[in-house]
1. Grab the helices (runs of 4 or more DSSP H) fully contained in the range 260-342, keeping just those with 2 or more residues being in the same structural domain as L191 (by TED's automatic domain parsing) and modelled with pLDDT of 95 or more.
2. Which residue out of L93, L81 is modelled with pLDDT of 95 or more, among the aliphatic types (A, V, I, L, M) and part of a helix (DSSP H, G or I)?
3. Could you check, for the range 61-78, whether at least one of its residues is in a strand (DSSP E or B), among the hydrophobic types (A, V, I, L, M, F, W, C) and away from the ligand (no atom under 16 Å from the Cβ)?
4. Filter the range 241-282 for residues that are out of contact with any helix residue (DSSP H, G or I) (no Cβ under 6 Å at 6 or more places or on another chain) and over 30 Å from N329 (Cα atoms); which is surrounded by the fewest Cβ atoms within 10 Å (Cβ to Cβ)?
5. Where the second residue is β-branched (V, I, T) and at pLDDT 95 or above and the first is closer than 20 Å to C159 by Cβ and surrounded by 19 or more Cβ atoms within 10 Å (Cβ to Cβ) and lies in the range 181-192, which pairs have Cβ atoms under 7 Å and are six or more apart or on separate chains?
6. Quick check on my filter: what residues within the range 124-142 are within 16 Å of the ligand (Cβ to nearest atom) and in a strand (DSSP E or B)?
7. Are any residues in the range 201-240 assigned to a loop (DSSP other than H, G, I, E, B), within 16 Å of the ligand (Cβ to nearest atom) and surrounded by fewer than 20 Cβ atoms within 10 Å (Cβ to Cβ), and if so, which ones?
Amino acid sequence: MDVRFPNIARFLLALYFCLSASVLCAAEVNVYSARKENLIKPLLLQFQELTGTSVNLITGKADTLLQRIISEGQHSPADILITIDAGRLHRALQANILLPVDTPALRNSVPQQYRDPDGNWFGLSLRARPIMYASDRVNPADLSTYENLSLPGWQGKICTRSSDNIYNQSMVASMLAHHGKEYTLAWTRGLVSNFARPPQGGDRDQIRAVAAGQCDVAIANSYYLGKMLASKDSAQREAAQKVGIFWPNQDDRGVHVNISGGAVIRTSKNRAAAVALLEFLVSDAAQQWYAETNFEYPVKPGVRSSEMLTRWGQFKADSLNLYLLGELNSDAVMVMDHARWK
Ligand SMILES: [Fe+2]
């Protein structure tokens, strides 16, 4: 899908991005991205076309890219790191490779809870991790909160992926932030004792397992269900059609959410262009593109989301400051280990 701008808007946007970053619009910017190429390249090409800044893209696994920037040291060509999960952005911060930035456009577009308090990283898209359920076996009225999933009534009915996955680590970190260590350990133990099978596979596999009757509910990121529903593969579509989304904790803290985000690298030689690119990625058109292409939510308030997301209904998101997910990551890993979450 293309990002569409009317011609005058194109010109004004180009002018804005060039002037606001005081950058000669003939610079270049090097992006290291843990997002797959098809989930970032169309936006980068659009930025290149608007500003004349040439964008070089290197994609790879999140931890590998982080290690690469660390080992390249001050000679690293990286200007921007784009990666998934506030927990990972925090790892980059701890590795001392990020440069804090602060501009009105970034501050006004990205709500406070979706960016680092010191400007080291900014959320670019929002992802929700709700409860998914078998439409034919589960009455959504029996679902309520993440907390409730640790009760004995759900024994043998829950699927989710392993504890080495950062999505679950961040979810447990959010539990720690809200309830403290003692409660979270008891909750995690209860949840693990309700697993239908040892954790295996990714989020899509949990949705497939619900459809196949191996478990009644799963905890998974909602965009995976969107991708399956929009898949060319009829088996994926049919599996996804058997699964409903339930937005938990609507009477209290809200659904657990996380972000994909971007950060300027401390050793960047193209800082102004890097900042201009970050600003572009939180512009309305770019924000809407995420919602339509990857079934994620815009971080920027007021941006229209896609048709599928609208059909899933609005939900209250947890308002926790997401940098806490990074700060509490090692505690979360420890809790999951104690609870024997494989
Ligand atoms: Fe994912």
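1. Numbers: elements: 271-281, 284-294, 307-312, 323-327, 329-338.
By residue number, 323-327, 329-338.
2. On the way: L81 fails: part of a helix (DSSP H, G or I).
The unique qualifying residue is L93.
3. Kept after step one, since they are in a strand (DSSP E or B), are these residues of the range 61-78: none.
No: zero hits.
4. Among residues in the range 241-282 that are out of contact with any helix residue (DSSP H, G or I) (no Cβ under 6 Å at 6 or more places or on another chain) and over 30 Å from N329 (Cα atoms), the one surrounded by the fewest Cβ atoms within 10 Å (Cβ to Cβ) is Q241.
5. Qualifying pairs under 7 Å: T188/V172; T188/V335; L191/I158.
6. Looking only at the range 124-142, we keep the residues that are within 16 Å of the ligand (Cβ to nearest atom), and these are 124-130, 132.
Result: L124, S125, L126, R127, A128, M132.
7. First, pick out the residues of the range 201-240 that are assigned to a loop (DSSP other than H, G, I, E, B): 201-202, 212-216, 220-221, 230-233.
Filter once more, so that each one left must be within 16 Å of the ligand (Cβ to nearest atom): 201-202, 220-221, 230-231.
Within the range 201-240, G201, G202, A230, S231 meet the criteria.
The values are calculated or read from the model by the stated rules, or taken from the named source; none is laboratory data. Since the model is a prediction, treat every value here as computed from it, not as a measurement. Don't worry about glycine lacking a Cβ; one is built from the backbone with ideal geometry, like all the others, and counts go over all protein chains shown.
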